[in-house]
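Participant: Before anything else, here's the structure in question.
Computed from the coordinates by the stated procedures, all read-outs in this text should not be read as laboratory data. A quick note: this is a predicted structure, and the numbers were derived from the prediction, not measured. We place every Cβ from the backbone using ideal geometry, glycine too, and count neighbours over all the protein chains shown.
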Amino acid sequence: MNSILKYFISLTLLWFWSQLIFSSIEFDKKVCDVMIDNYLSLQDRNNLLAYDDKILDKSFNLSSLRNYSKDIESDSQIVASEKEKKRFPERLDLYTESPFFRVASIGLPLVAYSLIIKSSDDYFRDLRNDYTPRFRYTYDDYLQYAPAGLMLGLKAFGVEGRSSWGRMLVSDAFSAALMATTVNVLKYSVKRNRPDDSKKNSFPSGHTATAFMTATMLHKEYGMTKSYWYSAAGYIMATATGISRQLNNKHWVSDIVFGATVGIMATEFGYLLADLIFKNKGLLNKARPYAGYDENANPSFIGLNLGNSFMLKRSSYATRENVKVKSGCHASLEGAYFRNKSFGVGGRLTTATARVFKDDMLIDDSFDIYSFQVGPYYSLPLSKYWLIGANVLAGLANVPDYNEDFVNSGRNGAWLIGAGTSFAFMPNKNLSLKCLIDYSYTIPFVKTPIICNNIISISGGVGFVF
């Protein structure tokens with residue numbers, strides 16, 4: 001079955017899940033408007049009560065009534081202006097705090113990311129074969145269950161979480177059933193070859209789906225009620241499981257990303273079904289709302305980004321039309337220190353890879369770029385949970401040098417300048433989930449037969465804000 005049919009089946013299942021949650025959660029745009037209007041109307045009433053107190057005063061006269069009328073009209077205009085200013089960020093935050101967003105904010109971006117990153121599966125396998133060709137370990141067979149073990153251990157030792165034993169086990173049973181059904185339907189419908197050609201059931205990764213399912217169970221039972229460090233522990237173990245599946249050459253990266261999506265979404269819907277059945281019975285602690293961005297803190301951060309690089313133009317140094325450089329993948333470590341809420345200085349260490357083709361035949365040597373850039377960063381909060389950022393970076397790159405026969409003959413230095421923007425969601429003051437778009441322009445120190453001048457990068461990232 002081709003890739004189009006594979007993703008059609010996947011998206012059909014996600015559509016079904018979305019219809020289920022839409023039918024069970026009553027959250028509408030009108031709710032936002034009513035809540036905002038009620039809040040602002042309360043301010044209006046308080047102002048009018050203050051004027052009423054003055055009118056009842058014995059010193060009241062006709063002249064003061066005229067002045068009060070003018071003041072009321074002026075204040076009403078100010079309140080209306082403030083209402084319009086507050087409408088967008090408050091509405092955005094209300095949507096962010098909705099139950100639907102809690103489900104969709106993770107699953108839908110991961111689906112999109114798996115579709116984007118699928119074109120780079122071969123490149124990530126090349127990186128694995130270059131650096132860890134002998135990686136063969138089986139700890140991921142057990143690590144996938146570690147978050148569930150931690151959850152059950154906390155429960156057994158009397159740490160009170162979200163649910164009673166009965167409600168928790170029913171929620172987990174629903175989650176496991178949804179996850180197993182989805183994974184197996186896709187595996188034996190898509191029949192995608194594994195990277196090592198051992199079987200035709202690569203998509204999606206079952207180990208990764210199980211790991212993220214158990215991590216989300218831990219997150220819902222203890223991360224959302226006690227401490228987000230429980231969530232961090234669970235998702236670190238789940239991420240390690242997914243990475244191990246790729247290093248073991250058992251799955252493509254897109255298999256792993258989609259497997260994580262299935263695990264998370266299955267758990268969200270499993271708990272939703274249990275909530276519809278149990279109502280408030282057996283609910284010991286309700287989920288804490290998102291803490292959001294600390295408006296008084298400087299947004300200094302360190303993070304990891306992963307995504308696709310698109311080579312837009314081949315340099316005029318390339319004298320042969322039969323040579324092409326195709327897009328690839330990249331990974332970067334990024335950080336910035338902010339002296340205030342808006343402006344900071346930071347840098348980025350990046351490795352990117354692509355492939356060089358001559359007469360439509362792959363040249364053995366990959367086109368790898370290693371770079372380090374520094375420059376100013378800018379951050380602007382849109383609301384309590386959302387920020388946009390921008391940067392302008394310049395630095396040095398190390399690129400391959402090809403001779404006239406287009407054989408890799410060493411490395412060549414280059415200047416690298418660029419700019420980028422980011423859109424970040426912050427569920428709490430220390431965690432940042434980002435979407436990034438960057439542009440880079442490469443200027444080699446000396447002429448080389450081929451070099452990618454213009455590079456567009458689209459990536460997703462996770463960061464620690466301090």
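Participant: Quick query: amide H of Asn453 versus all other amide H atoms, modeled in the peptide plane; which residues come in under 5 Å with a sequence gap of 5 or more or a different chain?
Facilitator: Lys313, Ser315
Participant: Apply the Karplus parameterisation 6.51 cos²θ - 1.76 cosθ + 1.60, with θ equal to phi minus 60°, to every residue of the range 436-441 and state each ³J(HN,Hα) to the nearest whole Hz, in sequence, with x for glycine and proline.
Facilitator: In residue order, the calculated couplings are 10, 10, 10, 10, 9, 10 Hz.
Participant: Kindly rank 256-268, 133-145, 198-210, 105-117 from highest to lowest mean number of other beta carbons found within 10 Å of each residue.
Facilitator: On the way: 256-268: 28.0, 133-145: 13.1, 198-210: 23.2, 105-117: 18.6.
Highest mean packing first, the order is 256-268, 198-210, 105-117, 133-145.
Participant: On a full-extension model of 0.36 nm per residue, what is the gain between Tyr137 and Lys341, subtracting their alpha-carbon distance, rounded to one decimal in nm?
Facilitator: My answer for the length gained is 68.9 nm.
Participant: How many angstrom lie between the Cα centre of the range 296-312 and the Cα centre of the range 235-289?
Facilitator: A separation of 24 Å, based on Cα centres.
Participant: Take the Cα atoms of the range 186-320, find their three principal axes, and give me the spread along each one in whole Å, biggest first.
Facilitator: Projected onto its principal axes, the Cα set of the range 186-320 covers 71, 48, 24 Å.
Participant: So, one more: For the residue pair Tyr439 and Leu362, what label-to-label distance in nm results when each label sits 7 Å from Cα along the Cα-to-beta-carbon direction?
Facilitator: It works out to 3.1 nm between the two label points.
Participant: So who's got an amide H within less than 5 Å of the one on Leu382, skipping anything under 5 residues away but keeping other chains? H placed 1.01 Å off N, in plane.
Facilitator: Leu387, Ile388
Participant: Averaged over every viewing direction, what's the projected area of the C-alpha convex hull for the range 142-207? Give it in nm², one decimal, please. List each step's numbers first, then the result.
Facilitator: Details: hull surface 21.4 nm².
Average projection, Cα convex hull of the range 142-207: 5.3 nm².
Participant: Something else: Along the principal axes of its C-alpha atoms, what lengths does the range 90-165 span, in descending order and rounded to whole Å?
Facilitator: 47, 41, 15 Å, listed from the longest principal axis down.
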